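These notes concern the structure reproduced below.
The values are calculated or read from the model by the stated rules, or taken from the named source; none is laboratory data. Fair warning: this is a prediction, and the values are worked out from it, not measured in the lab. Note: ideal-geometry Cβ built from the backbone for every residue, glycine included; neighbour counts use all protein chains shown. All accessible areas refer to the heavy atoms of the entire protein, side chains included, with ligands and DNA or RNA removed. Shrake-Rupley method; radii C 1.70, N 1.55, O 1.52, S 1.80 Å.
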Amino acid sequence: MNAPKIAAIPQDIVCPANGVLSAVQAGAPQPEAEPAWKAFLRHRSAVAGAVTLLLLVLAALFARLLFPDDPLSTVAAAVIPPFQLSAYPLGTDPLGRDVLAGLVHGARMSLAIGLLSALVSVFIGVVVGAIAGYFGGWVDDVLMRITELFQTTPSFLLAVVIVTIGGPTLSMITFAIGVGSFPTIARLVRAEFRWLRVSDFVTAARSQGYGRLRIIWQEILPNTLPPVIVTTSVLIASSILTEAGLSFLGLSDPNVPTWGSMIGNGRTMLQDAWYLTAIPGGLIIVTILAINLIGDGLNEALNPRLRNNG
Amino acid sequence: MTRQTPILSIVDLKVAYGGGGRAGNAVNGLSFDIMPGEAVALVGESGCGKSTTAHAAMRLLPDTVAISGGIRFQGRNLIEIPEAEMEAIRGNRIGMIFQEPMSSLNPVYRIGHQIAEAIRHHQQLDKIQVRKRVLELLDLVQLPEPQRLIDAYPHQLSGGQRQRVMIAMAVSCMPDLLIADEPTTALDATIQAQILELLDKLRRELSMSLLLISHNLPLVARWADNVIVMHHGEKMEALAASDLFTEARHPYTRGLQGASIRLDENNHYLQRPLAEIRSYRDSSGQYQFALNQRNAREKNRPPTAATSLLRVEGITIDYGDKRGRLTRAVDNVSFELAKAETLGLVGESGSGKSTLSRAIMQLVRPTSGGIWLDGVKLTGLKDRHLTPLRRNFQMIFQDPYSSLNPRRSVGDMLETTLVVHGVGDKVERQARVRGILDSVGLPATASGKYPHEFSGGQRQRIAIARALVIKPKLVVCDEPVSALDVSVQAQVLNLLVDLRHEFNLSYLFISHDLAVVRYISDRVMVMKDAKIIESGDHETIWRSPQHAYTRQLIAASA
């Protein structure tokens, strides 16, 4: 083994001065990283969550095709239990309305509000967090005190107040929920910005004369996305829950069925027809579970440290 | 000569990491012996399996790793014995110290408590005896004032002192074998020498054997008895340490030697480029090594024109903490850098050299003093006026992993720099990107790839390309090769020398490594405690150092 394998090679063949260097010559590069979507697909429970959510979204999108009639109109006798009539597989409520039609139409509102209000919090949170984290100093102090103001106010109470004042429209409910939950994103983005701001590659960008906006937008922001995406999925779930709570309290558009209002209506019949509460409640649980599973999967797929150990 | 039985005998050791990116054998059929009282060094570059071997001997590898072969220690095969038996050996008969003395100690416990833990775990002693033993050990590792340090917390100690504490813990049970995994890599040169001296002394006093893991050839040549050179998990060559630089036969060893820069070797970039070793697999999967020793560069001449490019005058930088206390990082520093000159700046960690480099890059505002580039005063300029001037001075960072944005492709990264400075149209910019990639020795296809697809050396080439793509006059190199393996270091240093000629650059070359600075610089400055204490021509500063600290540095590095 001690014998030389190759004593010398004419230099012009192997190493042209300043020549092109192949990957083999300069030592093996790091093992090729698995693309994030592949890592996500390996995560079975996350895929199950994604499929469930996809079905819900499809049902919501095609609600008008599946149940063309107004879900709030009386279609049959009151309080038919589930699995009795094939025309109304999940039965009817005290006003004789089709429960299944209500659920499918209700999915539109619940999912729309969940998604939109999460987007509102991500937008406010990223802007506030990025500015506070990048500039630091008094800007950071002011923005963070305001953020803490929102964080210490119970977000459900805040949503109740805003919707009571502004009225239960889609945009008002979305705004109310979004404003209440932006501090989570803001604090996360701020923390990421604070350490990325002093990282070598940002220092390199500064020394090359990059402008502030370019550094914030092109250099730092893309690197903060993985944790923001994961947190957003959790926010969507909690927004759906908050919306359900609001409509349970009657703070929703009375002309549109939502899961929360169905629970609210069924509550009075809890002793005689528990399923009127349990069915939409169960659906909320399933939806939130699905979104949380997706969040877990995203976390593992997007977090390189977890991915390597996986 | 009497035949002794070895204290540790590694026989055909194979270690395979399952799955993940590191599939394959990390150690592949390694065999060697350590005799009682002997110091054996495993030397090689990152990924060669030297640390894996050390961890295998301590049975510290995760369960998912498949180990076969023999690790015979005092008549037992450490691979096969039950965990309970291994616990009685680990820390007791075999001690181990690690590279990072910062993270190896628990920050919430006092030093004395942590050493006592190590003793109590293996010995039945009462409280008073334990404390007495801890004091003895602190004294043994030559820590000052053991009575005071025993109640100190890790953060109150310097890096070198922490490593001494780690050594005290490792030798607390008088082990027969001490494994030192890169024990001084994170430490300054002067501290490094002291720690190795201490290990050497302890080895003799406690009649231990020592297994020293290192990437540093000159270091193992000085401190070990026998050296085993490793590559891709296999032994390339085993030889006496004294013969390492004279008798080595294997092309890989010779390549590492040629790539290593030794202070006593007296090489300089004007005389001879560093040898470059390249390893590759032939068609049968065997590793082959090619050694490339280029001839002297006729093109390279020392800078003759003494026109000044960079003028630094009376720069002082104070950092204030929240309580308003000021720390002076740079204290009244003045120097000039001529056109086409390489000025070396040597100093240990905390000497202020990085702060100074950031002040020159206009990333830190000096408290007082001025910096001129090509006659234009940079300090005090508003951002709006400074930004267009930034194309004239660029920087190369130490860590090629953190200095490249992981989410930008190489081409995008290089082109954006040109966009920021309004260079040309798209076609011209892309031509410049291709040109610079070629100059730093990367294929044109690198343009579409992301940083994680490259090795450390290639990443540093990307960082160099980024600095040079807008054709600066001055490049500040802040420890540009400190994070790289020896063979890659040689390639990057050669590249820097070539590029200097090609692009007519001036370098401010900052490093803690005296040998590297000596090789690359025309003139050298030594920095200590925020001040430049000595500066001079690259020859005279080694031959007749004026300052005691410079002499100490040279002695520690030789």
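When only Cα pairs below 8 angstrom with a gap of at least 6 residues are kept, chain B shows a relative contact order of 14 percent. Averaging Cα coordinates gives a centre for the range A:99-129 and one for the range B:141-169; these two points are 57 Å apart.
For the range A:231-243, putting each phi into the Karplus relation 6.51 cos²θ - 1.76 cosθ + 1.60 with θ = phi - 60° gives couplings of 5, 4, 4, 5, 5, 4, 4, 6, 5, 4, 5, 5, 4 Hz, in residue order, rounded to whole numbers and with x for Gly and Pro. The local environment of A:S171, defined by Cβ-Cβ distances under 14 Å, has a net charge of -2 under the rule Lys, Arg +1 and Asp, Glu -1.
What angle do you read, to the nearest 10 degrees and between 0 and 90, between the alpha-carbon axis of helix B:486-503 and the longest principal axis of chain B? That helix lies at roughly 10 degrees to the long axis. Using the Kirkwood formula on the Cα atoms of the protein assembly as shown, what hydrodynamic radius do you get, in angstrom to one decimal? That comes to 31.6 Å for the protein assembly as shown.
Counting every pair of alpha carbons in chain B, the share spaced more than 47 Å apart comes to 18 percent. By the rule of a C-alpha distance below 17 Å, with chain neighbours fewer than 8 residues away ignored, the lysines paired with B:K50 are B:K14, B:K235. Rounded to the nearest 20 debye, the dipole size of the range B:33-122 about its Cα centre is 220 debye, using +1 on the Cβ of Lys and Arg and -1 on the Cβ of Asp and Glu. The alpha-carbon atoms of the range B:241-398 define a convex hull whose volume equals 233 cubic angstrom per residue. Working from Cα positions, state the angle (0 to 90°, nearest 10) between the long axis of helix A:170-197 and the longest principal axis of chain A. Roughly 20 degrees between the two axes.
The alpha carbons of the range A:30-111 give a radius of gyration and a Dmax of 18.7, 67 Å, in that order.
If I model a spin label as a point 7 Å beyond the Cα along the Cα-Cβ vector, how far apart are those points for A:A191 and B:R365 in nm? About 3.1 nm separates the two model spin labels. A loss of 20 Å² or more of accessible area (1.4 Å probe, protein heavy atoms, ligands and nucleic acids excluded) relative to the isolated chain is seen in these residues of the range A:189-220: A:D200, A:F201, A:T203, A:A204, A:R206, A:S207, A:Q208, A:G209, A:Y210, A:R214, A:Q218, A:E219.
Counting DSSP beta bridges in the protein assembly as shown, what percent are antiparallel, to the nearest 5? Percent antiparallel among DSSP bridges in the protein assembly as shown is about 60. Shown for the range B:317-475: lysine pairs separated by 8 or more places, or found on different chains, whose C-alpha atoms are under 29 Å apart, numbering 20.
Of the two radii for chain A, the radius of gyration is 1.17 times the Kirkwood radius, both from the alpha carbons; that is the Rg over Rh value. When you count the other C-beta atoms within 10 angstrom of each residue and take the mean per peptide, B:490-496, B:42-48 line up highest first as B:490-496, B:42-48. Can you tell me the orientation of helix A:275-302 relative to chain A, as the angle in degrees between its alpha-carbon axis and the longest Cα principal axis, to the nearest 10? Once rounded, one gets 0 degrees.
Residues whose amide H falls under 5 Å from that of B:A39, counting only those 5 or more places apart or on a different chain, are B:L210, B:D225, B:N226, with hydrogens built in the peptide plane. Rg to Rh ratio, the range B:376-483, alpha-carbon atoms and Kirkwood radius? Using only Cα positions, Rg/Rh for the range B:376-483 is 0.97. Fully extending the segment from B:A88 to B:H268, taken as 0.36 nm per residue of separation minus the present Cα-Cα distance, adds 59.6 nm. What's the FRET efficiency of A:R42 with B:R131 using the Cβ-Cβ distance as r and R₀ = 56 Å, to the nearest 0.05? So, using R0 = 56 Å, E works out to roughly 0.55.
Using the Karplus relation 6.51 cos²θ - 1.76 cosθ + 1.60 with θ = phi - 60°, the per-residue 3J(HN,Hα) values for the range B:61-73 come to 7, x, 5, 6, 8, 8, 10, 9, x, x, 10, 8, 10 Hz, with x marking Gly and Pro. When the scattering of the range B:166-236 is computed by the Debye formula from its Cα atoms alone, each counted once and equally, what is log10 I(q)/I(0) at q = 0.17, 0.24, 0.25 Å⁻¹? Cα-only, vacuum Debye calculation for the range B:166-236: -0.65, -1.19, -1.26. Amide H to amide H distances under 5 Å link B:V476 with B:Q394, B:M395, B:I396, B:L508, where only residues 5 or more positions off or on other chains count and H is placed in the peptide plane. Buried accessible surface for the B/A pair, both sides summed and rounded to the nearest 100, is 4400 Å² with a 1.4 Å probe. Taking θ as phi - 60° and the Karplus parameters 6.51, -1.76 and 1.60, the scalar couplings of the range B:83-98 work out to 4, 4, 5, 5, 5, 6, 8, 5, x, 10, 8, 10, x, 9, 10, 10 Hz in sequence order, x denoting glycine and proline. Each Lys and Arg contributes +1 and each Asp and Glu -1, all at the Cβ; summed about the Cα centre of the range B:341-429, the dipole is approximately 340 debye.
Computing FRET efficiency as 1/(1 + (r/R0)^6) for B:H155 and B:A240, where r is the C-beta to C-beta distance and R0 is 56 Å, gives about 0.85. Each Lys and Arg adds +1 at its Cβ and each Asp and Glu adds -1 at its Cβ; summed about the Cα centre, the range B:124-243 shows a dipole of about 440 debye.
Pairwise Cα distances in the range A:61-206 exceed 25 Å in 52 percent of cases.
Under 5 Å from the amide H of B:I97 lie the amide H atoms of B:I179, B:A180, B:D181, each residue being 5 or more positions distant or on a separate chain, with H modelled from the backbone and absent for Pro and chain starts.
Measuring nothing but protein heavy atoms, the accessible surface of the protein assembly as shown at 1.4 Å probe radius is 56 percent carbon and sulfur. Accessible surface for the range B:455-558, divided over its residues, is 29 Å² per residue with a 1.4 Å probe. A Cα-only calculation for the range B:73-114 places Rg and Dmax at 13.9, 39 Å. For the range A:221-292, taking Cα atoms only, Rg and Dmax work out to 15.2, 54 Å respectively.
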